Amino acid sequence: MKSLSIALGVAVLWIAVASPLSHLDHHFLTAHMAQHLLIMTVAAPLILLGARSTVVRWRPRPVLCWLAGTLTVIVWHVPTVFEMALRSHWWHVFQQGTFFTAGILFWWPVVRMCVSTTGSACWSVPVYLMLATLPCDALSAFLAFTGDVVYRPYARGAGHVGLSPLEDQALAAALMWVAVTFVYLVPALVVTAKLLSGKSKAVVQIGVQ
């Protein structure tokens, strides 16, 4: 099961950065957004789940993990920085590497809590995930409702598939909002269920005594 999780994570990472589909990111903002989401919210946690023994042992500070994930998303979507990655191949590779690294750090405390068998899960994990949606929601709203093409290289793209640049941008924003909401909600619910289950067992034990 662990090796399957790692294999799936590597496969998703390959689709995002090395498959023929990955080249669409220079033509469509939606494809670029999908690439980032696949790297950070699918490949990274799948690989971590496969390495669960290491995950349980290492305990990085959740605040640092949260900041790594959040600041990476924010900084790379600043127009000047974002456009540098579109103009330079090596800068683009660096961008993808930072998204993957930030994804590993961000998901580390979440995966550790989900796979831990010591009962150490705490309510900070659902809060951690809910707070992480806020910057993504703000960015999604900005891209969807700004009324201008934010990233200039995409101003001429997407027309040949029936999308205007603004429609491509709005679709990318919607993809980010929906994907982040669901991907963060599922582990939040898993940890919450684990916590409630542990509390129920404690109540039963007290009642038996």
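The values are calculated or read from the model by the stated rules, or taken from the named source; none is laboratory data. Please read all numbers here as calculations on a predicted model, not as lab measurements. Using ideal geometry, Cβ is built from the backbone for each residue, glycine included, and neighbour counts are taken over all protein chains shown.
Among the numbered conditions (1) crowded, with 16+ Cβ neighbours inside 10 Å; (2) at pLDDT 90 or above; (3) within 20 Å of V183 (Cα to Cα), the only one that A11 does not meet is (1). Tallying residues that are of a type in the set (A, V, I, L, M) and either crowded, with 19+ Cβ neighbours inside 10 Å or more than 22 Å from D137 (Cα to Cα) (or both) within region 71-104 yields 7. Does W107 meet the test of being buried (at least 16 other Cβ atoms within 10 Å of the Cβ), modelled with pLDDT of 90 or more, out of contact with any Lys or Arg (no Cβ under 9 Å at 6 or more places or on another chain) and part of a helix (DSSP H, G or I)? Yes: the conditions hold for W107. Candidates are the residues of region 29-50 that are modelled with pLDDT under 90 and hydrophobic (A, V, I, L, M, F, W, C); the one that is surrounded by the fewest Cβ atoms within 10 Å (Cβ to Cβ) is L49.
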